[in-house]
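These notes concern the structure reproduced below.
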Amino acid sequence: MKPTVLITGAGGLIGGYLVSTAARWAPQWNVHGVTRAETDVTDPMQVQELWRRSTPALVIHCAALSRTGACEQDPARARRINVEATERLAGLARDIPFIFLSTDQVFDGTKGWYVESDAVHPLNVYGQTKADAEQVVLENPAHSIVRIALTAGTSPTHDRSFVEDMLRAAAKGTKLTLFTDEYRCPIPAGPLVRALWEFAAHPRSGLYHLGGSERLSRWEIGELLARRYPELRPCIQPGSVADYHGPLRPPDLSMRSDKMQVLLSFRLPGFRQWLSNDASLSDDPWDTGQ
Ligand SMILES: NC(=O)c1ccc[n+]([C@@H]2O[C@H](COP(=O)([O-])OP(=O)(O)OC[C@H]3O[C@@H](n4cnc5c(N)ncnc54)[C@H](OP(=O)(O)O)[C@@H]3O)[C@@H](O)[C@H]2O)c1
């Protein structure tokens, strides 16, 4: 009998990739991917029942209200999903490894190239709920937090990754202003979940960063994507955060993933390098099976 890994948020971008790549990267596990249709993680009774059915040996908790706009619109809902559900699951998992996916958005973006020991200072509700959930998870010294960078991929619902958002906007003819002075370390979903599976094989406690090895501006990311998806070309234009007057945005969320990198059998790719690879022209450019 293989041990069971419980993956919440299996209907989402990263949970979906974890489930679909498990046979390749984690054949030692019996994978139980849970979607919202099976269990609402904010419902204590449903979660108890899930726990009884699944008897997991490991949890990778991906379920979240992950869209910053949705969190701003309904902070109470964001707290129920991102903090309270995490607390409940981490409590049930008190005697087994628990890997919580957090975000680069726990930082305010004033420093850049963040390391795990840097102080958090979220600017939005999403980042605040994730930072609060991190504190809850860290109460168990055996549990792990992996802060994920901007992830490129194809989600089961085709509406979750930033690439899907951009392609949808382009299809509607919407102009996208991409900041030349806002930075991220984007990572394709394929190497991201491969790294998560390798980490899950020997989970270490504490905080880890996981992103691409290259820091790119939003505009640079858009230009790279437009080479792969020419339909983006007429829709993207460069801009500056200085000319933007909406809610606060963290300017530089680049993260160092060195602490995670030393645990891995492969190099975390840079986004440019990934997209210049011939393999990225396969059916799913974000998971070439490398
Ligand atoms: N993708 C990124 O670029 C990125 C970057 C940094 C961190 N992260 C973190 O990584 C994790 C996974 O992200 P993701 O991109 O895969 O997010 P996602 O695509 O939005 O997936 C999250 C999943 O959680 C589910 N969910 C939400 N509320 C639920 C509930 N009450 N009960 C059960 N399931 C519920 C969602 O279901 P519905 O579809 O029904 O809402 C969705 O399938 C999240 O913690 C996110 O914060 C992601």
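The values are calculated or read from the model by the stated rules, or taken from the named source; none is laboratory data. Here the structure is a predicted model, which is why all the values come from computation and not from measurement. Quick reminder, even Gly has a Cβ in these numbers, built from the backbone with ideal geometry, and neighbours come from all protein chains shown. Quick note on the areas: whole protein, heavy atoms, side chains included, nothing else; ligands and nucleic acids left out. Shrake-Rupley method; radii C 1.70, N 1.55, O 1.52, S 1.80 Å.
Things to note:
- Residue that is more than 9 Å from the ligand (Cβ to nearest atom), closer than 21 Å to residue 145 by Cβ and not hydrophobic (A, V, I, L, M, F, W, C), where the choices are 84, 49, 72: 84
- Some residue of segment 107-115 being within 16 Å of the chain's Cα centre (by Cα), among the aliphatic types (A, V, I, L, M) and either closer than 21 Å to residue 271 by Cβ or within 13 Å of the ligand (Cβ to nearest atom) (or both): no
- Residue 192 being modelled with pLDDT under 95 and aliphatic (A, V, I, L, M): no
- None of 218, 184, 228 is charged (D, E, K, R), in contact with a Leu (Cβ under 7 Å, 6 or more places away or on another chain) and modelled with pLDDT under 95 except 228.
- Test: residue in segment 96-113 that is out of contact with any helix residue (DSSP H, G or I) (no Cβ under 7 Å at 6 or more places or on another chain), open to solvent by 10 Å² or more (accessible area, probe 1.4 Å) and aromatic (Phe, Trp, Tyr): yes
- Search result, residues across segment 149-166 that are open to solvent by 10 Å² or more (accessible area, probe 1.4 Å) and either within 10 Å of the ligand (Cβ to nearest atom) or of a type in the set (Asp, Glu) (or both): 150, 151, 156, 157, 159, 160, 162, 164, 165
- Within segment 128-148, being buried (at least 19 other Cβ atoms within 10 Å of the Cβ) and either within 6 Å of the ligand (Cβ to nearest atom) or within 25 Å of residue 264 (Cβ to Cβ) (or both) holds for 130, 133, 134, 137, 143, 144, 145, 146, 147, 148.
- Residues within segment 11-67 that are within 20 Å of residue 77 (Cβ to Cβ) and either assigned to a loop (DSSP other than H, G, I, E, B) or of a type in the set (D, E, K, R) (or both), tallied: 17
- Test: residue 90 is touching a strand residue (DSSP E or B) at 6+ places or on another chain (Cβ under 8 Å) and crowded, with 22+ Cβ neighbours inside 10 Å: no
- Residue among 169, 200 that is over 18 Å from residue 288 (Cβ atoms) and open to solvent by less than 10 Å² (accessible area, probe 1.4 Å): 200
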